[in-house]
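Structure first, then comments.
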Amino acid sequence: MAVKIRLSRRGAKKRPFYRVVVADSRSARDGRVIDTIGFYNPISETEPYRIDGERALHWLNEGAEVTDTARSVLRRAGVMKAWRDGTPLPAQPAEEGTSAVEVPVAVAEEPAQSEEKSEAPEGDSE
């Protein structure tokens, strides 16, 4: 079975949005997929693509062929260089609303339970 990494079109008319997928080369463009490894949004200026680099490297090492457009997206994400040179993947930017540094959140202490509630029920005493 020949496996390809390619784009699967989503979105509305004149508003394309693509998923970067791994699929059998004989299946239709928007047909059955084996794995979804990211997305590509040519209209977005803030985040035009997001690729799961580890999954992409897995499929490249398994022998998946890459289409020209998918290769371009993977190249921008740094996956092709990591695959070719054997270097580690570049660090992914933190998702919106999160920071790279974890900040501990103060948790309010729960009030101590009264001792009456913590006693065992009297029906089981011997």
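Since every read-out is calculated from the coordinates, none of them should be taken as a lab result. Computed from a predicted model, the values in this text were never measured in an experiment. Here the Cβ is made from the backbone with ideal geometry for all residues, glycine too, and neighbour counts use every protein chain on show.
In sequence order, what are the phi-derived ³J(HN,Hα) couplings for the range 42-49 according to the Karplus relation 6.51 cos²θ - 1.76 cosθ + 1.60 with θ = phi - 60°, rounded to whole Hz, with x for glycine and proline?
In residue order, the calculated couplings are x, 8, 5, 9, 7, 9, x, 7 Hz.
Determine ³J(HN,Hα), in whole Hz, for all residues of the range 14-25 in sequence, where each value follows from phi through the Karplus function 6.51 cos²θ - 1.76 cosθ + 1.60 and θ = phi - 60°; x replaces Gly and Pro.
Running phi through 6.51 cos²θ - 1.76 cosθ + 1.60 with θ = phi - 60° gives 6, 9, x, 8, 10, 9, 8, 10, 10, 9, 5, 5 Hz.
In nanometres, what is the gap between the two model label sites at S72 and D85, each 7 Å from Cα along Cα-to-Cβ?
2.3
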